[in-house]
1. Across segment 212-236, which residue is surrounded by the most Cβ atoms within 10 Å (Cβ to Cβ) among those that are without any contact (Cβ under 8 Å) to a residue 40 or more places away in the chain and outside any helix (DSSP H, G or I)?
2. Which members of segment 124-161 meet the condition of being polar (S, T, N, Q) and buried (at least 20 other Cβ atoms within 10 Å of the Cβ)?
3. Would you please name the residue that is farthest from Met64 (Cα to Cα), looking only at residues in segment 133-158 that are more than 18 Å from the chain's Cα centre (by Cα) and in contact (Cβ under 8 Å) with a residue 60 or more places away in the chain?
4. Being among the aliphatic types (A, V, I, L, M), part of a strand (DSSP E or B), out of contact with any His (no Cβ under 6 Å at 6 or more places or on another chain) and over 16 Å from Trp111 (Cβ atoms) is the filter here; which residues of segment 49-98 pass it?
5. Going residue by residue through segment 162-175, is there one that turns out to be in contact with a Phe, Trp or Tyr (Cβ under 9 Å, 6 or more places away or on another chain), modelled with pLDDT of 95 or more, farther than 23 Å from Asn58 by Cβ and surrounded by fewer than 22 Cβ atoms within 10 Å (Cβ to Cβ)?
6. For segment 183-211, give me the residue count where each residue is farther than 16 Å from Arg269 by Cα, buried (at least 24 other Cβ atoms within 10 Å of the Cβ) and small (Gly, Ala, Ser).
7. Quick check on this structure: which one of Ile267, Ile176 is touching a Cys at 6+ places or on another chain (Cβ under 7 Å) and more than 19 Å from Val119 (Cα to Cα)?
Amino acid sequence: MLNPMRRIAWLLGGALLLAPPVSGAGLMELLDSMKPARPERSRLQLPPLPLTPGRGKNWVGDRMPKQGSSILVLAGHADSQRMYGSGTPGWAVGVAGAAPMQSGMTDELYWNLRTARAVVAEGKKQGLNISFYDPGVRTIRNVQDPRTNWSVGQQHASEGGYVVEIHYDAYSPHGIGAGIIPAVAFGFSVMDEALAKEFGAYPYDYRGMLGAPRRGVSMLEIGMLEGALERGLRDPRQRKQTLDRIAKRVVFALREGLEQGTSLRAICRPTTGIAAYCR
């Protein structure tokens, strides 16, 4: 008995033999029609900057991810080590003089990687269509390189998927704190609305619109890398519990965004600061 692939080839060959002769151009059109369709890509469009820099949540997320698309999780600064924009060393290293968690990378990247993987593991456990991307190269100076977080994230977002990059903010007085910095390239997402409800929200124009949001990649600041949060991560006895708790919060918000959709609204307190507390 012919296996399925050989049977298809046999039937196709017979059809071609019985069909009337076609020109070279016609044959190419026939072959092109048999190729899988390319995913539709949205055009990158940025909202205008406000007249004065935003404070708190100055956006509404109402765009749903494309049905059937996956959630892509990235680790912030995974491709920008040993260069400007490598992430915070954290209070323990930057102030107290502790050794970095891993040589060759900032503590922020170390925890971004651990947290991103924990989020994906928890998401899969709860049935989400979710994956993690790591460039695998820690220093990529060309922002147009197709391996970068920005390149892979923009591609995924342009095809209707949701992309979130995990970050930890700098310790005080340099950092601001927890909150979602929404992607702006393809419209504001309900997924960011849900994450704002759980973690708080930054204005969409934060620092003039950052590079990742300009490419459709949302940035989730878990919190400032200091105090109880940093101690919980660094202490081997508390580490798994701390990462699990963060991952569950992120996945809870992602599920809420998918399940409640455009009916979901984060209610945020007015603020004179940058990030707003929301519920």
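1. Once the filter is applied, the top-ranked residue is Asp235.
2. Thr148, Asn149, Gln154
3. Checking each candidate, the answer is Thr139.
4. Passing the criteria: only Ile71.
5. Yes - at least one qualifying residue is present in segment 162-175.
6. Count: 2.
7. Ile267
The rows are residues; the columns are (1) under 26 Å from the mean Cα position of the chain (by Cα); (2) modelled with pLDDT under 85; (3) exposed (fewer than 11 other Cβ atoms within 10 Å of the Cβ); (4) at negative phi.
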| site | (1), (2), (3), (4) |
| --- | --- |
| Pro21 | no, yes, yes, yes |
| Ala25 | no, yes, yes, yes |
| Asp32 | no, yes, yes, yes |
| Pro39 | yes, yes, no, yes |
| Pro47 | yes, no, no, yes |
| Leu51 | no, no, yes, yes |
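The values are calculated or read from the model by the stated rules, or taken from the named source; none is laboratory data. Since the structure is predicted, the reported quantities are computational estimates derived from the model, not experimental observations. Every residue, glycine among them, receives a Cβ derived from its backbone with ideal geometry; neighbour counts consider all protein chains shown.
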